[in-house]
Amino acid sequence: MAAKTKKEEKMTIEEGFEKLTDILNKMDEEGVSLENSFKLYNDGLDVVKELTGRLQETEQKLNIINE
């Protein structure tokens, strides 16, 4: 059985929000280059996409449980 890479593992919702907070804090630092800000922004978008999927999955599971 092959070990999963970090990219293949799903982050928890809490981990996602922590990662977003870290990205925002880095973007808010003084002296961040435009290039680095762009990279951080794209990283943030990836996290938001992942979190959106995770939240939708959770909502679907809750809807099934509540039916």
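The values are calculated or read from the model by the stated rules, or taken from the named source; none is laboratory data. Predicted model, so just to flag it, every value in this text is computed and none were measured. Counting neighbours? That spans all protein chains shown, and the Cβs are built from the backbone with ideal geometry, glycine included. Ligands, DNA and RNA are excluded from the accessible area calculation, which covers all protein heavy atoms including side chains. Shrake-Rupley method; radii C 1.70, N 1.55, O 1.52, S 1.80 Å.
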Dipole-positive endmost among LEU20, VAL48, ASN66 within the chain (Cβ charges, Cα centre): ASN66
Cα-based Rg of the chain normalised by 2.2 N^0.38 Å, two decimals: 1.42
Principal-axis tilt of helix 13-28 within the chain, Cα atoms, nearest 10 degrees: 10
Label-to-label distance, nm, for residues given as ASP43 and ILE64 (7 Å Cα→Cβ offset): 3.4
13 Å beta-carbon shell around LEU20, net charge (K/R +1, D/E -1): -4
Rounded to the nearest 20 debye, dipole of the chain from Cβ charges on Lys, Arg, Asp, Glu: 300
1.4 Å probe accessible area per residue over the chain, in Å²: 90
Segment LYS10-SER33, length gained on full extension (0.36 nm per residue, minus Cα span): 5.3 nm
Expected 222 nm ellipticity per residue - DSSP helices of 4 or more, -39500 (n - 2.57), all of the chain, to 500: -26000 deg cm²/dmol
Under DSSP loop assignment and at most 14 Cβ neighbours within 10 Å, longest trypsin sites (Lys or Arg not before Pro)-free interval of the chain: 11-67
Folded to 0 to 90 degrees: helix 34-66 orientation relative to the chain principal axis, Cα: 10
